[in-house]
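Student: For reference, the structure I am asking about is given below.
The values are calculated or read from the model by the stated rules, or taken from the named source; none is laboratory data. Everything numeric here is computed off the predicted structure, so don't read it as measured data. In this analysis, Cβ positions are derived from the backbone assuming ideal geometry, glycine residues included, and neighbour counts consider all displayed protein chains. Accessible surface is based on the protein model in full, side chains and every heavy atom, while ligands, DNA and RNA are left aside. Shrake-Rupley method; radii C 1.70, N 1.55, O 1.52, S 1.80 Å.
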Amino acid sequence: MSEHPLNSESCLDFVIELLEKRGVSLNDIAEIVMFLQSQYIPDINLELCLESVASVLKKREVQNALLTGIQLDILAEQKQLLPPLQAIIETDEPLYGIDEVLALAIVNLYGSIGFTNFGYVDKLKHGKLAELNDKRFGVHTFLDDLVGAVAAAASSRIAHRQKQQEECAES
């Protein structure tokens with residue numbers, strides 16, 4: 001029997017623990033969400049952003065993407081990948097787009113706004129993303145994109161809910 005039973009709750013706990021071991025807190029992700037939504041929702045707060053991040057992380061597809069990408073980053077740090085994949089992931093080769101493709105599995109859950117949010121944070125490298133993108137702090141070829149994707153999805157989730165609230169208030 002595996003140390004981590006295959007169920008969503010234990011998988012979620014493991015993913016959060018793994019993120020923290022890799023230097024990413026849920027607050028770090030929530031701060032990126034606040035950055036994305038603050039110009040659209042002036043009274044947004046960290047609590048709402050954290051709740052949205054937690055909701056996104058509960059999705060099994062998100063957990064699977066995080067587990068897969070983080071494992072590949074760890075294997076690259078340990079120099080356990082086959083060449084040339086080792087060099088590609090270790091250096092975050094610019095033409096290697098599989099890290100972004102894996103992240104798109106997360107943003108796709110919240111529609112086209114998720115894609116635009118992801119592209120925006122991926123380009124800006126706001127907050128924790130800048131640190132994860134810095135090669136001096138380990139291999140985070142997948143993690144930076146996955147964290148950006150979770151933030152983009154959580155931001156999109158908030159935007160969808162905000163629109164629903166506005167429509168309900170109008171009727």
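Student: Ignoring ligands, DNA and RNA, what percent of the 1.4 Å accessible area of the chain is carbon and sulfur?
Tutor: After summing per-atom areas, the C and S share lands at 56 percent.
Student: I would also like to ask the following. Determine which residues of the stretch 7-35 fall in the zone a paramagnetic label at residue 137 would reach in this model, i.e. backbone nitrogen under 12 Å from the point 7 Å along Cα→Cβ.
Tutor: What the label zone holds, given the 12 Å backbone N cut-off, is 22-25, 28-29.
Student: For residue 96 and residue 168, compute 0.36 nm times the residue count separating them, minus their Cα-Cα distance, and round to one decimal in nm.
Tutor: 21.5 nm
Student: A further question follows. Could you work out how far helix 8-21 tilts from the main Cα principal axis of the chain, as a 0 to 90 degree angle to the nearest 10?
Tutor: For helix 8-21, the angle is close to 70 degrees.
Student: Among the listed pairs 21/59; 21/125; 58/135; 59/79; 59/163; 59/135, which are separated by more than 25 Å between their Cα atoms?
Tutor: The answer is 58/135; 59/79; 59/135.
Student: For residue 130 paired with residue 115, estimate the spin-label separation in nm (one decimal), with each label point 7 Å from Cα along the Cα-to-Cβ line.
Tutor: Rounded to a tenth, the inter-label distance reads 2.9 nm.
Student: Follow-up. Spelling out what I want: for every residue of the stretch 136-147, take phi, set θ = phi - 60°, compute 6.51 cos²θ - 1.76 cosθ + 1.60 (Karplus), and round to whole Hz; glycine and proline get x.
Tutor: With coefficients 6.51, -1.76 and 1.60, one gets 6, 9, x, 8, 9, 3, 8, 4, 4, 6, 5, 5 Hz.
Student: Next question. If you take the charge dipole of the chain about its Cα centre, with +1 on Lys and Arg Cβ and -1 on Asp and Glu Cβ, which of 67, 23, 45 is farthest toward its positive end?
Tutor: Positive-end residue among those listed: 67.
Student: Provide the packing ranking of 92-101, 119-128, i.e. peptides ordered by the mean count of other C-beta atoms within 10 Å per residue, highest first.
Tutor: Going from most to least packed, we get 119-128, 92-101.
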